Amino acid sequence: MQDTQRNEEFIEVILGRLGEKRFYHSMCVAKAARELAVKYGADPERAYTAGILHDVMKEAPGEEQLQTIAAAGIILTDVERANKKLWHAVAGYAYCRDVLHVEDTGILDAIRYHTTGRADMTLLEKCVYIADFISEDRDYPGVEAIRACAQQGLKTVLFEGMKFTIEELAGKGQAIHPDTVSAYNQIIISDSEGNE
Ligand code: DGI
Ligand code: FE
Ligand code: FE
């Protein structure tokens, strides 16, 4: 069965693993990702499925997240190890691949890179990354401006999202993941070259 036809099963999985608020967040991200996919030409059904699953490991104990990552044969970098908040994306990828047997590598990568982003993101990855910023449940200061950007263009909203994250992390004196920096730089460079 295609992964996109397993949504009911995946919703049951996240119901069992997430509290009410995070469950609602995940469903809002799924919906926002599907809308962005329609607007920007990614596959809406794959975006929806990735949205449902993107935070599946968010509320698992740190130890379980690390075990899931290790069991998948993934070795965290120093920056990843030092930032607990980065674990759930990699652990979610591993859990979806190895426990839920999600086979669609595009969906798996959208889960893996939903927190940091990376250079050369696929359209699907971009839609899930942005959906996590602008989903209906989000109410952080500045969310309205980012929602407005999402209507203007993918590059604009990616830039705003990355900038927001980097400023926030630097402001708190936290490490910035190299993938986040690469994604940010790529947007700037492609801008100055006049590329899409
Ligand atoms: O899981 P969510 O709360 O829905 O959102 P998320 O997966 O984007 O996680 C957001 C958190 O991750 C937020 O506290 C900032 C942190 N984060 C995002 N990018 C980076 C990062 N932390 C570090 N250290 N480096 C990053 O590049
Ligand atoms: Fe997340
Ligand atoms: Fe999220």
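The values are calculated or read from the model by the stated rules, or taken from the named source; none is laboratory data. This structure is a prediction, so every number in the text was calculated from the model and none was measured. Every residue, glycine among them, receives a Cβ derived from its backbone with ideal geometry; neighbour counts consider all protein chains shown. Surface accessibility is based on the protein's heavy atoms, side chains included, excluding ligands, DNA and RNA. Shrake-Rupley method; radii C 1.70, N 1.55, O 1.52, S 1.80 Å.
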**Q.** Local electrostatic count at GLY62 - Lys and Arg +1, Asp and Glu -1, tallied over other residues with Cβ under 12 Å
**A.** +1
(Q) Sort 96-109, 119-132 by packing, meaning the average of other beta carbons within 10 Å per residue, with the highest value first. (A) 119-132, 96-109
Q) When only the heavy atoms of the protein chains count and the probe is 1.4 Å, how do LYS21, LYS39 rank by accessible area, highest first? A) LYS21, LYS39
Q | Förster radius 41 Å - calculated FRET efficiency between MET1 and ALA170 (Cβ-Cβ, nearest 0.05) | A | 0.40
Q) If r is the Cβ-Cβ distance from GLN151 to ALA82 and R0 is 25 Å, what FRET efficiency results, to the nearest 0.05? A) 0.10
